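Below you'll find the structure, written out as structure tokens, and then a few comments.
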Amino acid sequence: MIDVEHARRTIAGRVHRTPTFSSAALGAHLKAELFQKTGSFKARGALNRMAALTDEERRRGVVAWSAGNHAQAVAWAAAQYGVDCLAMMWNGANEYKAAAARSYGATVDLSSPDPTVAFERARATDRVFVHPHDDPWVIAGHGTLALEILEDVPEVATVVVGVGGGGLVAGIVSALAGRARIVAVEPERSQAFRAGLEAGHSVQVETNTIADGLAPPFAGELALQICRGAVDSVLVSEEEIADGMRFLYARAKLACEPAGAAAAAAVLAGKVELVGPTVVIVSGGNSVPEQAAAILGTR
């Protein structure tokens with residue numbers, strides 16, 4: 001069971017209550033989750049998962065498998081409970097996100113050649129594996145974001161959210177229980193979630209996108225189960241993601257990473273029909289400075 005209300009009580013006062021504000025230029029509201037602890041929604045689920053650990057599990061420590069944002073969040077959350085954390089990343093992963101995970105106290109392993117090998121190595125440890133999108137505690141924590149949306153925009157009709165492995169969108173589906181249309185936005189070059197929905201189960205895909213936070217090699221089985229038949233799927237190109245990032249920086253003053261701009265990119269590109277009050281989630285404020293400068297300086 002995905003208990004979002006319990007998660008809200010568990011993490012209350014320990015994560016930021018991020019703002020929602022309107023954007024006339026976009027024609028929608030923006031949920032600025034990039035202002036969250038560690039720079040993304042991931043802190044919500046990670047903290048809820050740490051709270052659920054038994055004493056024996058805390059002694060064993062935890063391991064996170066991540067391109068970066070989940071690693072940072074689990075490292076931060078583990079530190080709140082005095083739990084040892086290993087972040088299993090891979091060769092070529094975002095060095096800034098790896099450094100941030102270390103700064104929160106995690107040991108970071110970048111020796112795996114790719115995400116799939118890193119995943120298998122993480123699962124093979126004796127630590128508690130904190131899955132980024134296939135853990136009910138993590139998904140419930142992420143769903144607390146949607147409860148804040150309901151408080152800020154009670155009449156919300158549509159929620160647009162960037163999707164990688166599906167943990168956040170599954171939490172939103174669980175929290176809203178059919179009260180709003182949910183649009184899941186993926187990069188054209190990273191379609192693990194759509195592929196999983198179409199196949200009826202998680203499938204491995206190749207990814208090559210500037211939005212590294214939306215580029216898992218597969219989506220979570222639990223996330224797919226929750227979202228099947230409950231979301232609309234939209235794809236955005238690399239240039240549309242870049243346009244979204246430039247728009248958010250220039251017009252909304254939100255310095256997000258490419259993954260955080262995907263949802264807004266879909267709206268800007270006219271790929272989401274705005275029927276009723278719409279909330280666009282902006283999550284991921286951990287951009288590589290050189291990448292951000294290149295994107296923002298290009299038209």
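The values are calculated or read from the model by the stated rules, or taken from the named source; none is laboratory data. Keep in mind that what you see is a predicted model, and the values were worked out from it rather than measured. For neighbour counting, all protein chains shown are included, and Cβ atoms are generated from backbone atoms with ideal geometry for every residue, glycine included. Just the protein is used for accessible areas: all its heavy atoms, side chains included, with ligands, DNA and RNA removed. Shrake-Rupley method; radii C 1.70, N 1.55, O 1.52, S 1.80 Å.
Just to check I understand the Karplus step: with θ = phi - 60° and J = 6.51 cos²θ - 1.76 cosθ + 1.60, what whole-Hz values come out for the range 149-162, glycine and proline as x?
Computed from phi, the couplings for the range 149-162 are 4, 4, 6, 7, 10, x, 8, 3, 10, 9, 10, 10, 9, x Hz.
Take every DSSP beta bridge whose two residues both sit in the chain, then give the antiparallel share in percent to the nearest 5.
Taking every DSSP beta bridge with both residues in the chain, the antiparallel ones total about 15 percent.
With angles folded into 0 to 90 degrees, how steeply does helix 69-80 sit against the dominant principal axis of the chain? Use alpha carbons for both and round to 10.
50 degrees
Can you tell me which of 109, 55, 212 moves the most in a GNM of the chain? Springs connect C-alpha atoms under 10 Å apart.
55
Once label points are set 7 Å from the Cα along Cα→Cβ at both residue 250 and residue 25, what is their separation, rounded to one decimal in nm?
Going by the 7 Å Cα→Cβ label model, 0.7 nm.
Could you list the residues of the range 233-249 with an amide nitrogen less than 15 Å from a label point located 7 Å from the Cα of residue 198 in the Cα-to-C-beta direction?
Only 233-236 pass the distance filter.
For the chain, what does the equivalent ellipsoid look like in terms of its semi-axes, each the square root of 5 times an eigenvalue of the Cα gyration tensor, given largest first in whole Å?
The equivalent ellipsoid of the chain has semi-axes of 27, 21, 18 Å.
Once you sort the root eigenvalues of the Cα gyration tensor of the range 193-299 as a ≥ b ≥ c, which label holds: rounded (a/c under 1.5), prolate (a/b larger than b/c) or oblate (the other case)?
Since a/c reaches 1.5 but b/c is at least a/b, the shape of the range 193-299 is classed as oblate.
Please compute the Cα-Cα pair-distance distribution of the range 238-291 with 10 Å bins starting at 0, giving whole percents from short to long.
27, 55, 16, 2
Which is farthest toward the positive dipole end of the chain among 211, 50, 266, measuring Cα position about the Cα centre, with Cβ charges +1 (Lys, Arg) and -1 (Asp, Glu)?
50
At a probe radius of 1.4 Å, what is the per-residue accessible area of residue 76, in Å² to the nearest 10?
30 Å²
Please compute the modelled spin-label separation between residue 179 and residue 273, points set 7 Å along Cα→Cβ, answer in nm with one decimal.
Those two pseudo-labels are separated by 2.4 nm.
Which GluC sites (Glu not before Pro) in the range 141-177 sit in a loop by DSSP (not H, G, I, E or B) and have at most 15 other Cβ atoms within 10 Å of their own Cβ?
Passing sites in the range 141-177 are 155.
Please give the solvent-accessible surface of residue 104 in Å², to the nearest 10, using a probe radius of 1.4 Å with every protein chain present.
80 Å²
How large is the charge dipole for the chain, taken about the Cα centre, if only the Cβ atoms of Lys, Arg (+1) and Asp, Glu (-1) carry charge, to the nearest 20 debye?
680 debye
Show the residues, 5+ positions off or on another chain, whose built amide H is closer than 5 Å to the amide H of residue 232.
182, 183, 184
Okay, helix-only estimate at 222 nm for the chain: each DSSP H run of n ≥ 4 adds -39500 (n - 2.57), divide by all residues, round to 500 deg cm²/dmol; what do you get?
Rounded to the nearest 500, it is -13000 deg cm²/dmol.
Of 21, 41, which has the most accessible area with a 1.4 Å probe, and how do the rest follow in descending order?
Output order, biggest surface exposure first: 21, 41.
Just to check I understand the Karplus step: with θ = phi - 60° and J = 6.51 cos²θ - 1.76 cosθ + 1.60, what whole-Hz values come out for the range 284-290, glycine and proline as x?
The phi angles translate into x, x, 10, 6, 6, x, 5 Hz.
If you look for lysine pairs in the chain that are eight or more places apart or on different chains, how many of them have Cα atoms under 15 Å apart?
Step by step, the pairs that qualify in the chain add up to 4.
Note down the nm distance, to one decimal, between modelled labels 7 Å out along Cα→Cβ at residue 102 and at residue 117.
Distance between label points: 2.0 nm.
Using only C-alpha atoms and all pairs of different ones, pull out the Kirkwood radius for the range 98-227 in Å with one decimal.
Every distinct Cα pair counted, the radius reaches 15.8 Å.
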